[in-house]
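The values are calculated or read from the model by the stated rules, or taken from the named source; none is laboratory data. Source: prediction; values computed, not measured. Positions of Cβ are generated from backbone atoms using ideal geometry, with glycine treated the same way; all protein chains shown enter the neighbour counts.
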Ligand code: THG
């Protein structure tokens, strides 16, 4: 494949120097920022993520900050998830929908204070939707993208590495909660979250100056734990059923189709955009939904939707796929019509390398 030409539009991150020194081999573009996708090889990175600990430059998980008296009201307008009981110190995975109930993003919302929220976005230009709502409703809130860059520490040894750098207190941070911890005199928000199923943390690094000092401190403290630079791993995230906005679901899908109905309390999410549309789909239920798809016989890289067929008719599509070393099969995420979404349903998937036998599963591998 050809190289990507660097330019100011394709933003570097506070950790890019560390990523390059670690020998990054491939990037993708996410929120107009560089996101590493491979260091040694996808398979080596995968085994290492599951056995040791990695430091990930996920600065591309950009923050939209809401600040002001109407911040909480605006946040609840954005999502059908009920935020009324959310406390400071909590993070919520929140579907964001438009007025038709179509998904615009699936970020992590961080409640920093009653009047201050961060929305840690997936790959879509959500800022303009949020600014438009704030302006259109004349809300008393500032909306912008501060230079706050998440750095993830993921893997079974993540607790030990984080304790070595931030102190033993980080061990007590619960899943999808965060606390403030000192690094070289700077207070940083440290959450137990991240885009893997191996456990770990995300540090919200404010500004560029603290980026490389923190990166280097983690690499130094982790030497005995075989720490390595890593990144969200394609195989591990498909095994774990972690969805990728723009790949596995788009504005054409409702949260219920994406399997995110459990994060919607549309009845009680008062004021949320798309409420009427979602109440309708929640009542009737989706007619297609995300499923784990097992594929026999090996799969090529997946850079477009692959049709899922049954008896010569299209019944869905595969949107992410790879080969799993640990499960010794092709693993995939797909959208399947309700007539064919039951556990064990045999299908055919049309890959660029030819048709493959596929099986629908109700649960993912991890
Ligand atoms: N962390 C932060 N920001 C992010 C991501 C992240 N922004 C972009 C992207 N990832 C947003 N998408 C997701 C998708 C899945 C999860 C988080 C963000 C996730 N899901 C868990 C799961 O499915 O098992 C659990 C969610 C829950 O139970 O609340 O973690 O990773 N900061």
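A few points about this structure:
- Every residue from the stretch 212-231 that is surrounded by 22 or more Cβ atoms within 10 Å (Cβ to Cβ) and either in contact with a strand residue (DSSP E or B) (Cβ under 7 Å, 6 or more places away or on another chain) or at pLDDT below 95 (or both): 214, 215, 218, 227, 229, 230, 231
- Test: residue in the stretch 201-208 that is outside any loop (DSSP other than H, G, I, E, B), free of Cβ contacts under 8 Å to residues at least 60 places away in the same chain and in contact with a strand residue (DSSP E or B) (Cβ under 6 Å, 6 or more places away or on another chain): yes
- Screening residue 241 on (1) in a loop (DSSP other than H, G, I, E, B); (2) away from the ligand (no atom under 13 Å from the Cβ); (3) touching a strand residue (DSSP E or B) at 6+ places or on another chain (Cβ under 7 Å) shows it passes everything except condition (2).
- Within the stretch 40-59, if we keep just the residues that are buried (at least 22 other Cβ atoms within 10 Å of the Cβ) and assigned to a loop (DSSP other than H, G, I, E, B), the residue that is farthest from the ligand (Cβ to nearest atom) turns out to be 53.
- Selected residue (criterion: surrounded by the most Cβ atoms within 10 Å (Cβ to Cβ)) from residues of the stretch 174-200 that are assigned to a loop (DSSP other than H, G, I, E, B) and more than 10 Å from the ligand (Cβ to nearest atom): 198
- Candidates in the stretch 302-315 are the residues that are part of a strand (DSSP E or B) and without any contact (Cβ under 8 Å) to a residue 12 or more places away in the chain; of these, the one that is nearest to residue 257 (Cα to Cα) is 314.
- Verdict on residue 107 being on the phi < 0 side of the Ramachandran plot and surrounded by 23 or more Cβ atoms within 10 Å (Cβ to Cβ): yes
- Just one residue in the set 53, 94, 58 is within 16 Å of the chain's Cα centre (by Cα), over 25 Å from residue 266 (Cβ atoms) and at pLDDT 95 or above; that residue is 58.
- Residue 123 within 16 Å of the ligand (Cβ to nearest atom), part of a loop (DSSP other than H, G, I, E, B) and closer than 20 Å to residue 196 by Cβ: yes
- Residue within the stretch 265-281 that is closer than 18 Å to residue 120 by Cβ and at pLDDT 95 or above present: no
- Complete set of residues in the stretch 316-354 that are part of a strand (DSSP E or B), touching a residue at least 40 places away in the same chain (Cβ under 8 Å), over 22 Å from residue 42 (Cβ atoms) and more than 24 Å from the chain's Cα centre (by Cα): 337, 347, 348, 350
- Scanning the stretch 244-277 for residues that are closer than 21 Å to residue 27 by Cβ and crowded, with 20+ Cβ neighbours inside 10 Å turns up 245, 248.
- Pairs linking a residue in the stretch 173-197 that is closer than 14 Å to residue 87 by Cα and modelled with pLDDT of 95 or more to a residue that is part of a loop (DSSP other than H, G, I, E, B) and within 10 Å of the ligand (Cβ to nearest atom), with Cβ atoms under 7 Å and 6 or more positions apart or on different chains, are 176/193.
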